[in-house]
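S.K.: First the structure, then my questions, so here it is.
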Amino acid sequence: IVDPYHLRFSPDMKWFVTAANRLDHIDIYHWDAADSAVPLKLATRVPTGKTPSHLMIDSKSTVVYSSMQDSDELVAIDLATQKLRWKIGVGKMPADVFLTPDDRLLFVGLTGDRFVEVYDVSQATPRLVKRIETGDGAHAFRSAGDQRHLYVSNRVANTISKIDYQSLAVVASFPAPGGPDCMDVLADGKTLLVGSRWARKLTFIDTTTRQVT
């Protein structure tokens with residue numbers, strides 16, 4: 001049984017990518033909307049490190065990035081050739097990955113630590129730019145929607161950090177009880193919705209007052 005922990009459609013809607021979390025591979029499907037009977041067809045199964053977790057596809061649909069949760073690695077897969085571009089070691093228990101809109105900087109949340117690692121992936125070889133201290137169990141990302149700021153949930157610390165991805169610094173922190181996990185932002189741009197994993201609740205946070213509402 002394949003347990004796809006995270007799924008991604010490429011921006012051009014040509015590829016559908018799944019992380020087979022328990023089987024240590026990534027599946028790339030070709031999407032053909034004209035074929036109503038079988039619109040998804042497996043193109044390639046790419047062996048990876050141990051426990052591929054989160055996925056991110058660049059804006060041009062050329063590469064998919066994935067964290068390897070249990071082998072502490074980050075991989076890049078070329079979507080045209082469906083082969084590994086590179087594989088590097090990263091910090092403890094990498095989880096979510098976020099790529100800046102210019103496709104240059106890739107953020108990696110380290111759930112086994114208290115840092116977010118930032119890599120320059122604009123060249124053939126990725127380069128570690130900075131380790132940003134956010135809080136224990138740095139896990140999931142969500143863009144603030146302003147083309148400048150990024151939220152990261154710190155699952156163990158029960159906080160959420162707001163990162164400026166131009167200065168690569170934490171500019172705000174909010175309380176987020178119950179093991180904050182995945183997030184989204186309402187259309188008002190000020191209300192953050194947080195899945196409180198251990199509490200089995202949905203938490204609303206006013207990012208202006210930095211309080212749980």
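S.K.: Quick one: order His30, His25, His6 from most to least accessible surface, probe 1.4 Å. Mind showing how you got there, number by number?
M.R.: Details: His30 70, His25 20, His6 50 Å².
Ranked list, largest accessible area first: His30, His6, His25.
S.K.: Counting Lys +1, Arg +1, Asp -1, Glu -1, what net charge surrounds Gly49 among other residues with beta carbon under 13 Å of its beta carbon? Let's see the in-between values first.
M.R.: Values: positive: Lys50, Lys87; negative: Asp24, Asp70, Asp72, Glu73.
Neighbourhood net charge equals -2.
S.K.: Just the accessible area per residue of the chain, please: how many Å² with a 1.4 Å probe?
M.R.: Numbers: 10040 Å² over 213 residues.
So the chain comes to 47 Å² accessible per residue, rounded to a whole number.
S.K.: Which three extents, in whole angstrom, do the alpha-carbon atoms of the range 148-213 cover along their principal axes, largest first?
M.R.: Computed over the range 148-213, the largest-to-smallest principal extents equal 34, 26, 18 Å.
S.K.: So what is the relative contact order for the range 9-144, in percent, with contacts set as C-alpha pairs under 8 Å and at least six apart?
M.R.: Values: 349 pairs, mean separation 19.5, N = 136.
Reported as a whole number, the value is 14 percent.
S.K.: Ok, one more. Specify whether the C-alpha gyration tensor of the range 1-106 places it in the rounded, prolate or oblate class, a ≥ b ≥ c being the square roots of the eigenvalues: rounded for a/c under 1.5, otherwise prolate if a/b is larger than b/c and oblate if not. Can you show the working numbers first?
M.R.: Details: a/c = 2.05, a/b = 1.35, b/c = 1.51.
Oblate, because a/c is 1.5 or more while a/b does not exceed b/c.
S.K.: Multiplying the sequence separation of Asp120 and Leu168 by 0.36 nm and subtracting their Cα-Cα distance, what value in nm do you get?
M.R.: Working: separation 48, 0.36 × 48 = 17.28 nm, distance 1.22 nm.
Separation in residues times 0.36 nm, less the Cα-Cα distance, equals 16.1 nm.
S.K.: Consider a paramagnetic label point 7 Å from the Cα of Thr209 along Cα→Cβ; state which residues of the range 136-169 have an amide N under 19 Å from it.
M.R.: Residues 160 qualify, since their backbone N sits under 19 Å from the label point.
S.K.: With all protein chains present, how much of the accessible area of the range 70-209 (probe radius 1.4 Å) comes from carbon and sulfur, to the nearest whole percent?
M.R.: Working: 3090 of 6270 Å².
Solvent-exposed carbon and sulfur of the range 70-209 make up 49 percent of the total.
S.K.: For a Förster distance of 30 Å, can you work out the FRET efficiency between the beta-carbons of Leu128 and Ala80, rounded to the nearest 0.05?
M.R.: For R0 = 30 Å, the calculated efficiency reads 0.70.
S.K.: Over the chain, consider all pairs of different Cα atoms and compute the Kirkwood hydrodynamic radius from their mean reciprocal separation; express it in Å, one decimal.
M.R.: Numbers: mean 1/r = 0.0570 Å⁻¹.
17.5 Å is the Kirkwood radius here.
S.K.: Fully extended, how many nm does the chain gain between Lys60 and Lys190 (0.36 nm per residue separation, minus their Cα-Cα distance)?
M.R.: Numbers: separation 130, 0.36 × 130 = 46.80 nm, distance 2.93 nm.
That works out to 43.9 nm of additional length.
S.K.: Another one. Let me know the shape class of the range 98-140, please: from the alpha-carbon gyration tensor, a ≥ b ≥ c as square roots of the eigenvalues, rounded when a/c is under 1.5, otherwise prolate if a/b is greater than b/c, or oblate. Let's see the in-between values first.
M.R.: On the way: a/c = 2.83, a/b = 2.01, b/c = 1.41.
Prolate.
S.K.: Further, regarding this structure: Using only alpha carbon positions, build the gyration tensor of the range 11-64, then give the equivalent ellipsoid semi-axes as the square roots of 5 times its eigenvalues, largest first, whole angstrom.
M.R.: The equivalent ellipsoid of the range 11-64 has semi-axes of 21, 14, 8 Å.
S.K.: Further question: Might you report the magnitude of the Cβ-based charge dipole of the chain about its Cα centre, with Lys and Arg at +1 and Asp and Glu at -1, to the nearest 20 debye? Show your work: numbers first, answer last.
M.R.: On the way: 25 positive and 25 negative charges, 52 e Å.
Magnitude of the dipole: close to 240 debye.
S.K.: Another question, then. So what does Phe115 come to for accessible area, using a 1.4 Å probe and Å² rounded to 10?
M.R.: So the heavy atoms of Phe115 present about 40 Å² to solvent.
The values are calculated or read from the model by the stated rules, or taken from the named source; none is laboratory data. The shown structure was predicted, so the numbers you read here are calculated from the model rather than taken from an experiment. All Cβ positions, glycine included, derive from the backbone under ideal geometry; neighbour counts span all protein chains shown. Calculation scope for accessible area: heavy atoms of the full protein, side chains included, ligands and nucleic acids excluded. Shrake-Rupley method; radii C 1.70, N 1.55, O 1.52, S 1.80 Å.
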